[in-house]
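To keep things clear, I will list the structure first and then write my remarks on it.
The values are calculated or read from the model by the stated rules, or taken from the named source; none is laboratory data. For clarity, every value in this text was computed on a predicted model and none was experimentally measured. Don't worry about glycine lacking a Cβ; one is built from the backbone with ideal geometry, like all the others, and counts go over all protein chains shown. What goes into the accessible areas is simple: the full protein's heavy atoms, side chains included, and nothing from ligands, DNA or RNA. Shrake-Rupley method; radii C 1.70, N 1.55, O 1.52, S 1.80 Å.
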Amino acid sequence: EQGANGGGGGGEAEVTRRVGLIDSLGLGPSLASAELTARGAPQGTWHALRLLLGSVEEVSGDLARLRGAVSLETEARCWAALRSYCKAARAAMGGARKADLAEARSTACPPRRALALQLRAEKKRLLSELEAALVAVESRSRKAGKPLSTVAMP
């Protein structure tokens, strides 16, 4: 069975099967603790996302194929998932990046808090840049009619 968005489907049993595939391939940590950069995500994270979000046919075939882009539809779901994560992570940090930097530069701000605010602002910048890169690659890929890049780290 295929879901309404073209990927996944099959309900709880299918989700359980896919998570089992991710675990059997040793890709669990690639989802749980992926180190994102403004340039992308580790290759293992993309592989795990494709296993989770690929069509039933893609996930029933040669799983090694999912190390790379297999379809524009699956890549678009992966890009959307990572963009959603970036938005949620930024929202969870609260406040605007510029406000963090302004407070960190204030003479009234204690040094440890200033460092924490600078770190939080840098994380927000990284997430914003990654989100923009994902939007750009999706736009270029849709124009080309095929996935052009995975915004992956080397």
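The set of residues in segment 57-77 being touching a Phe, Trp or Tyr at 6+ places or on another chain (Cβ under 9 Å), assigned to a helix (DSSP H, G or I) and open to solvent by 30 Å² or more (accessible area, probe 1.4 Å) consists of ARG67 alone. Reported count of residues in segment 86-145, each being hydroxyl-bearing (Ser, Thr, Tyr) and closer than 27 Å to SER33 by Cα, is 1. For beta carbons closer than 9 Å, sequence separation of 6+ or different chains, a first residue in segment 112-138 that is of a type in the set (Ser, Thr, Tyr) and a second that is open to solvent by 10 Å² or more (accessible area, probe 1.4 Å), the qualifying pairs are SER128/ALA38; SER128/ARG90; SER128/ARG97.
Scanning segment 78-131 for residues that are open to solvent by 90 Å² or more (accessible area, probe 1.4 Å) and under 30 Å from GLY145 (Cα atoms) yields TYR85, LYS87.
Of all the listed residues (ALA64, ALA41, ALA48, ALA88), the sole one being of a type in the set (A, V, I, L, M) and farther than 18 Å from LEU27 by Cβ is ALA88.
So for segment 29-42 (the condition being in contact with a Ser or Thr (Cβ under 9 Å, 6 or more places away or on another chain), in a helix (DSSP H, G or I), open to solvent by less than 60 Å² (accessible area, probe 1.4 Å) and farther than 20 Å from GLU129 by Cβ), does at least one residue qualify? Within segment 29-42, one or more residues are in contact with a Ser or Thr (Cβ under 9 Å, 6 or more places away or on another chain), in a helix (DSSP H, G or I), open to solvent by less than 60 Å² (accessible area, probe 1.4 Å) and farther than 20 Å from GLU129 by Cβ.
For segment 95-154, filtering for residues that are at pLDDT below 95, among the aliphatic types (A, V, I, L, M) and not in a helix (DSSP H, G or I) leaves 5. Would you check if ARG50 is assigned to a helix (DSSP H, G or I), of a type outside the set (Asp, Glu) and without any contact (Cβ under 8 Å) to a residue 12 or more places away in the chain? Criteria not met by ARG50.
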